[in-house]
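Note sheet for the following structure.
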Amino acid sequence: MFAKINLAAVAAGAMRAALLAFALAAVASSARAQEPSANAIKMAREILDLKNTGLLINQAVPAVIDRVKGMLAQTNPTLRKDLDAVGENLRKVYAPRMLELMNNVARLYASRFTEAELKDILTFYRSATGKKVIETEPQIFEDAVAGLQGWQEKFAEEVIPRFRAEMKKRGHDL
């Protein structure tokens, strides 16, 4: 009745959305917040490193390059080989932009938390429980995405009759 959801696509989409949100929030916050101290940025960066945020951010530049390459390939599929070569070169050229994004996210953290709070966060993530959170969160997210598919289908089955009933009141048979 409903199209099957490609969990990998959902996860990739969520990842892209999260990265875009980080980037936009970092840009927005830098425009309105005073610059955090170097120490706060350093602690925020350490938090990001502990949380393996770089693994997500390192996918941002290649994802944009691949998206642009795909758009260009649609307009002229015969250029695929050359587009692939240019894409590989651009990944190397733009690799430093990943550091820029990571620093922007660190500034975002540093602008939202005091140095004392950042210190507390670091203490937590260095603790056994904090390490377990870092280790376990990706699986929790994956499980949540997997469970979302069944939930959405079940919920849609509940919503469809309500739509039909409301539309019938308005003189439409669906």
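The figures follow:
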| quantity | calculated |
| --- | --- |
| Close pairs from the stretch 88-114: first under 11 Å from ILE65 (Cα atoms) and among the hydroxyl-bearing types (Ser, Thr, Tyr), partner part of a helix (DSSP H, G or I) and modelled with pLDDT under 90, Cβ under 6 Å, at least 6 apart | TYR94/VAL61 |
| The stretch 138-156, subset acidic (Asp, Glu) and in contact (Cβ under 8 Å) with a residue 24 or more places away in the chain, residue surrounded by the most Cβ atoms within 10 Å (Cβ to Cβ) | GLU153 |
| Residue within the stretch 74-89 that is more than 21 Å from the chain's Cα centre (by Cα) and either of a type in the set (Gly, Ala, Ser) or under 30 Å from ALA38 (Cα atoms) (or both) present | yes |
| Checking TYR109 against (1) aromatic (Phe, Trp, Tyr); (2) under 30 Å from ALA40 (Cα atoms); (3) more than 25 Å from the chain's Cα centre (by Cα), the condition it does not meet | (3) |
| ARG112 in contact with a Ser or Thr (Cβ under 7 Å, 6 or more places away or on another chain), closer than 21 Å to PRO36 by Cβ and at pLDDT 90 or above | no |
| Within the stretch 117-140, tally of residues that are of a type in the set (A, V, I, L, M, F, W, C) and under 13 Å from ALA44 (Cβ atoms) | 3 |
| Cross-chain or 6+ apart pairs with Cβ under 9 Å, the stretch 49-66 first and under 13 Å from MET102 (Cα atoms), then of a type in the set (Ser, Thr, Tyr) and surrounded by fewer than 16 Cβ atoms within 10 Å (Cβ to Cβ) | VAL61/TYR94 |
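Let's see how each residue does on (1) farther than 30 Å from LYS132 by Cα; (2) crowded, with 16+ Cβ neighbours inside 10 Å:
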residue: MET43; (1), (2): no, yes
residue: GLU46; (1), (2): no, yes
residue: ASP49; (1), (2): no, no
residue: VAL61; (1), (2): no, yes
residue: GLN74; (1), (2): yes, no
residue: ASP84; (1), (2): yes, no
residue: ASN89; (1), (2): yes, no
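The values are calculated or read from the model by the stated rules, or taken from the named source; none is laboratory data. Note that the structure is predicted; figures quoted are calculated from it, not measured. Glycine gets a Cβ as well: all are built from the backbone with ideal geometry, and neighbour counts include every protein chain shown.
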